[in-house]
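Just so it is clear, none of the values below were taken in a lab; they were calculated from the coordinates. Bear in mind the structure is a predicted one, so any value in this text is a computation, not a measurement. Every residue, glycine as well, gets a Cβ built from its backbone with ideal geometry; the counts of neighbours run over all protein chains shown.
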Amino acid sequence: MSAAIKLENPLLDKVTINAFIKAVQVTLSDMASTQVQFGKPFIEQHLTPRGEVIGILGMVAMPLRGTLSLSFPKNAILKIVENMLSEKYTEIDKNSTDAVGELTNMIYGSAKTTLNESGFNLEMAIPTVIHGDFKSITNSDGVTLVIPVKLSTNEEFFIGITIN
Amino acid sequence: MFPTTTKFLVIDDFSTMRKIIKKVLNELGYTNIEEADDGATALPMIQAAQAAGQPYGFIISDWNMPKMQGIELLKACKADPNHKNIPFMLVTAESEQKQILEAAKAGVSDYVVKPFNSATLKGKLEKVYARVNSSPATKAA
């Protein structure tokens, strides 16, 4: 039997944060032989763009609705794609955007399994990838928990969990 | 293990995952690998390969795809006497019990949960080979 959700704000709950941290860690280790370290999470009232390629996925676990975003600066995604495919890339292209889509898919799938075992009821979802030089992102009225992720080669990307 | 001449069909809407699976198959000595980006594009390829007398020897498919999901493709293959004996592996980010049960009921040969590493995929292929070789249907074929 699964436990009921008791959280006032699931963003601040260790279970949620740890599910996404573990999902990122395992996904990058298995699929890209890449080890990562996590920075201190912080809350943002408006999601600030932090990269050229962003994977976005709508999360629904009624009554909760939210968004998972993975924001990759150029150097971080090029390094990850190189590690995933054993091919070196110098510019963001279809390979990078496709990889961000697949990473978003796998990280969400992995976190979803953990969270659903803890009483959430997250549904399947297909990610969207956007690529560009963003000045701002308006995707919801919710606040966002941002978790910085640093690769062992020092490049950094960001997990964003927005709850509407 | 399956002979290195085995003809594979790898299906995923993300080219990254198709490349990763191809890379692992190449490392295992397999080079006869074709790709499809959805179940809806894969099914006619499976039928055409059969009609041409060069059927696939192994299908590896993603579950979650926009037009035709991997589970639907699996069911379509199992419902067709021409394709029902082709080993069919689902590779998916879905690791919940209900999904695994649905795939097992539909007759999946094995199930790989993403993320995975090359050792996991290799181990699953070996398991499927062992199972296929001990199956009376295959021995009789």
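For the subset of the stretch B:59-82 comprising residues that are out of contact with any Gly (no Cβ under 9 Å at 6 or more places or on another chain) and surrounded by fewer than 21 Cβ atoms within 10 Å (Cβ to Cβ), which member is farthest from B:Ile46 (Cα to Cα)? Outline the logic, then answer.
Going residue by residue through the stretch B:59-82, those that are out of contact with any Gly (no Cβ under 9 Å at 6 or more places or on another chain) are B:59-60, B:66, B:79-82.
Now restrict to residues that are surrounded by fewer than 21 Cβ atoms within 10 Å (Cβ to Cβ): B:66, B:79-82.
Working: B:Pro66: 19, B:Ala79: 13, B:Asp80: 11, B:Pro81: 13, B:Asn82: 10 Å.
Checking each candidate, the answer is B:Pro66.
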ask   = Residues in the stretch A:14-56 that are among the hydroxyl-bearing types (Ser, Thr, Tyr), more than 13 Å from chain B (Cβ to nearest Cβ) and more than 14 Å from the chain's Cα centre (by Cα): how many?
value = 1
message = Please verify whether A:Leu122 is more than 14 Å from the chain's Cα centre (by Cα), outside any helix (DSSP H, G or I) and crowded, with 17+ Cβ neighbours inside 10 Å, treating the condition exactly as stated.
response = yes
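Quick check, is A:Lys74 away from every other protein chain (no Cβ under 14 Å) and farther than 22 Å from A:Asn18 by Cβ?
Working: away from every other protein chain (no Cβ under 14 Å): yes; farther than 22 Å from A:Asn18 by Cβ: yes.
For A:Lys74, the condition - away from every other protein chain (no Cβ under 14 Å) and farther than 22 Å from A:Asn18 by Cβ - is met.
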key: Single condition B:Lys84 does not satisfy, out of (1) closer than 30 Å to A:Glu117 by Cβ; (2) among the basic types (Lys, Arg); (3) outside any helix (DSSP H, G or I)   = (1)
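Before we move on, is A:Asn116 more than 13 Å from chain B (Cβ to nearest Cβ), farther than 23 Å from B:Val24 by Cβ and in a helix (DSSP H, G or I)?
Numbers: more than 13 Å from chain B (Cβ to nearest Cβ): no; farther than 23 Å from B:Val24 by Cβ: yes; in a helix (DSSP H, G or I): yes.
No.
Which one of these is more than 14 Å from chain A (Cβ to nearest Cβ) and outside any loop (DSSP other than H, G, I, E, B): B:Pro44, B:Pro55, B:Pro3? Write out each step before concluding.
On the way: B:Pro55 fails: outside any loop (DSSP other than H, G, I, E, B); B:Pro3 fails: outside any loop (DSSP other than H, G, I, E, B).
Checking each option against the conditions leaves just B:Pro44.
Checking the condition of a type in the set (Ser, Thr, Tyr), touching a helix residue (DSSP H, G or I) at 6+ places or on another chain (Cβ under 9 Å) and surrounded by fewer than 17 Cβ atoms within 10 Å (Cβ to Cβ), which residue from A:Thr144, A:Thr128 passes?
Numbers: A:Thr144 fails: surrounded by fewer than 17 Cβ atoms within 10 Å (Cβ to Cβ).
Being of a type in the set (Ser, Thr, Tyr), touching a helix residue (DSSP H, G or I) at 6+ places or on another chain (Cβ under 9 Å) and surrounded by fewer than 17 Cβ atoms within 10 Å (Cβ to Cβ) holds for just one of A:Thr144, A:Thr128, which is A:Thr128.
Just the residues that are part of a strand (DSSP E or B) and of a type in the set (Asp, Glu), please, taken from the stretch A:29-44.
Quick first cut of the stretch A:29-44, residues part of a strand (DSSP E or B) only: A:36-38, A:42-44.
Listed by number, the list holds a single entry, A:Glu44.
Identify all residues within the stretch A:57-79 that are β-branched (Val, Ile, Thr), surrounded by fewer than 21 Cβ atoms within 10 Å (Cβ to Cβ) and under 18 Å from A:Gly132 (Cβ atoms); write none if there are none.
Going through the stretch A:57-79, the residues β-branched (Val, Ile, Thr) turn out to be A:60, A:67, A:77.
Subsequent filtering for residues that are surrounded by fewer than 21 Cβ atoms within 10 Å (Cβ to Cβ) retains A:60, A:67.
Within the stretch A:57-79, A:Thr67 is the sole residue that qualifies.
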request  = Would you point out the residue of the stretch B:104-132, among those that are within 14 Å of another protein chain (Cβ to nearest Cβ) and among the small types (Gly, Ala, Ser), that is farthest from A:Asn83 (Cα to Cα)?
outcome  = B:Gly123
